[in-house]
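To keep things clear, I will list the structure first and then write my remarks on it.
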Amino acid sequence: MAMIRQNSKFLLTLRALAVISRLFIAFIFFGLFSSFALANSKLQNAIVIDPLSGFAMNSYDPVSYYINDAPKLGMPEYEFIWQGVSWLFASEANRDIFAKQPEVYAPLFGGHGVMGLARGYISDGNPHIYEILGNKLFLFYSSANRDAFMLLQRSNYIKAQKNWEFFLTQN
């Protein structure tokens, strides 16, 4: 009777180990696969696009960040397509300014969160949480991310730039 109990415990232990090892393998595989899929799906187009409207920057006018106290929403009648993405502007003048030099006014890293990039992951930047540094528009995922970035701007920017280049080559 003791031998049967011991064999039963042994079999239960083996089954538990088999289940745990399967779960562990599935977890590792899923984690790697989902990270790869997330990076690739996010970077199929390097510019953040609102999935509901299809516009860059959630329909905010990138030029307005530089000339107004607060960013303004763009209007469909002032649409401009750059890098295969629709951008909206608050006025015809803003659209024309952007059309001449889009690299000057478009957010860095395609509108992805800068601190997320510095930390090695992709996140969409929030057009309401931003900084203009060195005449460049930086978007952040959250206020906490912006605050963290501002503590060590130079080193965080360098990390973000390196990670952005890496993510782009993986696409």
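When region 68-91 is examined, which residues are found to be surrounded by fewer than 14 Cβ atoms within 10 Å (Cβ to Cβ) and among the aliphatic types (A, V, I, L, M)?
Across region 68-91, the qualifying residues are A70, I81.
Just give me the residues in region 92-109 being farther than 10 Å from P62 by Cα and surrounded by 23 or more Cβ atoms within 10 Å (Cβ to Cβ), in sequence order.
Result: F109, single match.
Go through region 60-97 and count every residue that is without any contact (Cβ under 8 Å) to a residue 40 or more places away in the chain, part of a helix (DSSP H, G or I), within 30 Å of A144 (Cβ to Cβ) and not small (G, A, S). Can you show your working first?
Residues of region 60-97 without any contact (Cβ under 8 Å) to a residue 40 or more places away in the chain: 61, 64, 67-70, 72-84, 86-97.
With part of a helix (DSSP H, G or I) added as a condition, the list becomes 64, 67, 92-97.
Those still in the list that are within 30 Å of A144 (Cβ to Cβ) too: 64, 67.
Now narrow it down to the ones that are not small (G, A, S): 67.
Summing the residues that are without any contact (Cβ under 8 Å) to a residue 40 or more places away in the chain, part of a helix (DSSP H, G or I), within 30 Å of A144 (Cβ to Cβ) and not small (G, A, S) in region 60-97 gives 1.
Can you list residue pairs whose Cβ atoms sit under 6 Å apart, with the first residue in region 148-171 being touching a residue at least 12 places away in the same chain (Cβ under 8 Å) and surrounded by 12 or more Cβ atoms within 10 Å (Cβ to Cβ) and the second being of a type outside the set (G, A, S) and part of a loop (DSSP other than H, G, I, E, B)? Count only pairs 6 or more apart in sequence or on different chains.
Short answer, once both residue conditions are applied: F167/L43; N171/L43.
For region 56-79, how many residues are small (G, A, S) and on the phi > 0 side of the Ramachandran plot?
So the answer is 1.
Coordinate-derived values only; no laboratory data. The structure presented is a predicted model; accordingly, all values stated were derived computationally and were not measured. With ideal geometry, Cβ positions are generated from the backbone for all residues, glycine too; neighbour counts draw on all protein chains shown.
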